[in-house]
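**Student:** Below you will find the structure I want to go over with you.
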Amino acid sequence: MTVQEHIPAFDGTKADAFAERFVGTLNEAALAVMSSLGHRAGLFDGLAAHPGLTSAALAAKIGVSERYLREWLGVMVTSGVVDYDPTARTYTLPPEHAAFLTRAASPDNMAVTTQFVGLAASVEDKLLDRFKSGEGLCYHHFDRFHEVMAEDSAQLVVANLIDAILPVVPGLIARLESGIDVADFGCGGGLAMLTLAKAFPNSRFSGFDLCEDAFARTADVAAREGLGNLSFHTRDLSREEVIGAFDLITAFDAVHDQADPKGFLRLIRRSLNPGGIFLMQDIGGSRDLEKNIANPFAPLLFMISSMHCMPISLGQGGPGLGAMWGVETAEEYLAETGFASVETHRLPHDPLNAYFVARA
């Protein structure tokens, strides 16, 4: 059989369909970038609060440049996000769209997540180099990643901690009310510990992270509010054998980024009191690529993994598991690192993640 015989016949209909699809891709990408900007500038919030205004009146209300606002509105109108009355030249954000685009819509504000697109673009040149060298990236390569990650996590995880996530462990809320020692390993922005410290004043909370700038703002809030049961610590967890003795340790979207994920899990296991609980949230994808094809969030998750999670691990000399390391791998790692039992939970409020309960 010749090489030519291996080449499939060209299907013109399939080519046209793909071209049409990719025009849509370009337009949706433009919408994503402009949605990120609209979120950060408060433009969606302004539209929701002041419907039916001209661009000049709206710009005056929300305090932005009319010319820039008008061009941004052009994207939103032609994308079908904002309604436009050509006679009155007024703009309206339908309430059905505002329900997914404004700060008032949290935890359903998808404009928050569009910020990852711009973050990916900001490291494109660095990734181009790494495709040749195979090297990783470091946290300092990302200007806003901690900020965006904290905001995104605040919607899916922090906002649902007490009502949806903690109840997967029977009796845990009662223990927190009585008073236990809790740590968050790889705490990032620290909002989870801040939320719990406020809700459970009898318990003691500690956040640990490699980067002090990640939790600095939250630490200031805790100090101003006099939360004596909450502290944050800058620690390189990859160099520790044990950190304290805790009744509950949490890790939210942190394990797959580590230089040594199994070593990280062993550290957590050694830092738990007898009978202690490890509550881990991580991306709920599969390590088998074909099982992710039907997941509507899979391209986004693989993008975030490619631009941050995988190269950050490689940059620390790690295996570069990436965000899509898979529920199967996570369960195996937890079993292999000494936990007596492992349970995996999927929660109705969160289509992206899986929640693991591992017991010492």
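Every read-out reported here was derived from the displayed coordinates using simple, explicitly stated rules and does not represent laboratory data. Note that this is a predicted model, so its numbers are computed, not measured. Cβ placement follows ideal geometry from the backbone for every residue including glycine, while neighbour counts extend to all protein chains displayed.
**Student:** ALA199 versus CYS138, label points 7 Å from Cα toward the beta carbon: distance in nm?
**Tutor:** 3.7
**Student:** The stretch 168-235: which chymotrypsin sites (Phe, Trp or Tyr not before Pro) are DSSP loop and have at most 15 other beta-carbon atoms within 10 angstrom?
**Tutor:** Loop-located and lightly packed - none at all.
**Student:** Multiply the residue separation of ALA57 and GLU212 by 0.36 nm, subtract the distance between their alpha-carbon atoms, and state the gained length in nm to one decimal.
**Tutor:** 51.6 nm
**Student:** Which value, in debye to the nearest 20, describes the size of the charge dipole of the chain about its Cα centre when Lys and Arg Cβ atoms bear +1, Asp and Glu Cβ atoms bear -1, and nothing else is charged?
**Tutor:** 540
**Student:** Once amide H atoms are built 1.01 Å from N in the peptide plane, which residues 5 or more positions from ALA183, or in another chain, come under 5 Å H to H?
**Tutor:** Placed amide hydrogens put SER206, LEU248, ILE249, THR250 under 5 Å from ALA183.
**Student:** For LYS262, LYS14, which order do you get if you count the other beta carbons within 10 Å of each Cβ and list the fewest first? Present the calculation step by step, with values, prior to reporting the outcome.
**Tutor:** Values: LYS262 15, LYS14 9.
Taking fewest neighbouring Cβ atoms as first place, the list is LYS14, LYS262.
**Student:** Relative to a virtual label point 7 Å from the Cα of ASP236 in the Cα→beta-carbon direction, which members of the stretch 135-161 show backbone nitrogen distances below 16 Å?
**Tutor:** Within reach of a label on ASP236: 138-140.
**Student:** Computed FRET efficiency, Cβ-Cβ of LYS14 and ALA41, R0 45 Å: what is it to the nearest 0.05?
**Tutor:** Details: r = 40 Å, r/R0 = 0.90.
Step by step, r from the Cβ atoms, then E = 0.65.
**Student:** Which value in nm describes the separation of the simple spin-label points at GLU225 and ASP163, placed 7 Å from the Cα toward the beta carbon?
**Tutor:** 1.7
**Student:** What list of ³J(HN,Hα) values in whole Hz, one per residue of the stretch 145-157 in order, does the Karplus curve 6.51 cos²θ - 1.76 cosθ + 1.60 (θ = phi - 60°) give from phi, with Gly and Pro shown as x?
**Tutor:** Residue by residue, the stretch 145-157 yields 4, 4, 4, 5, 4, 5, 5, 5, 5, 4, 6, 7, 9 Hz.
**Student:** Remind me, relative contact order of the chain in percent, using alpha carbon pairs under 8 angstrom and six or more residues apart?
**Tutor:** RCO, the chain: 12 percent.
**Student:** Can you tell me the length gained on complete extension of the stretch ALA335 to ARG359, counting 0.36 nm per residue apart and subtracting the Cα distance? Working shown, then result.
**Tutor:** Numbers: separation 24, 0.36 × 24 = 8.64 nm, distance 1.02 nm.
Between ALA335 and ARG359, full extension yields 7.6 nm more.
**Student:** Also, I was wondering about something else. For a test of the definition: using alpha carbon positions, the gyration tensor, and the 1.5 limit on a/c, classify the chain as rounded, prolate or oblate.
**Tutor:** Because a/c hits 1.5 or more and a/b fails to exceed b/c, the chain counts as oblate.
**Student:** VAL23 versus ARG346, label points 7 Å from Cα toward the beta carbon: distance in nm?
**Tutor:** 3.6
**Student:** Beta carbons within 10 angstrom, averaged per residue: use that to sort the peptides 103-110, 148-155, highest first.
**Tutor:** On the way: 103-110: 15.4, 148-155: 19.6.
Sorting 103-110, 148-155 by mean packing, highest first, produces 148-155, 103-110.
**Student:** Something else: Could you run the Karplus curve 6.51 cos²θ - 1.76 cosθ + 1.60 with θ = phi - 60° over the stretch 217-229 and give me ³J(HN,Hα) per residue in whole Hz, x for Gly and Pro?
**Tutor:** With the stated coefficients, the stretch 217-229 comes to 5, 5, 4, 5, 4, 4, 5, 5, 8, x, 7, x, 9 Hz.
**Student:** For the stretch 46-61 and the stretch 96-167, what is the separation of their C-alpha centers, rounded to whole Å?
**Tutor:** Here the two parts' Cα centres lie 28 Å apart.
**Student:** Also: Out of residues 5 or more away from THR90 or on other chains, whose amide H comes under 5 Å of its own, with H placed 1.01 Å from N in the peptide plane?
**Tutor:** Close amide H contacts, sequence-distant or interchain: ASP85.
**Student:** Let me ask another. Using R₀ = 25 Å, calculate the FRET efficiency as 1/(1 + (r/R₀)^6) where r is the Cβ-Cβ separation of ALA120 and THR78; round to 0.05.
**Tutor:** 0.60
**Student:** Scan around ILE243 for amide H atoms under 5 Å from its own, H built in the peptide plane at 1.01 Å from N, and keep only partners 5 or more places away or cross-chain.
**Tutor:** Long-range HN contacts for ILE243: SER271.
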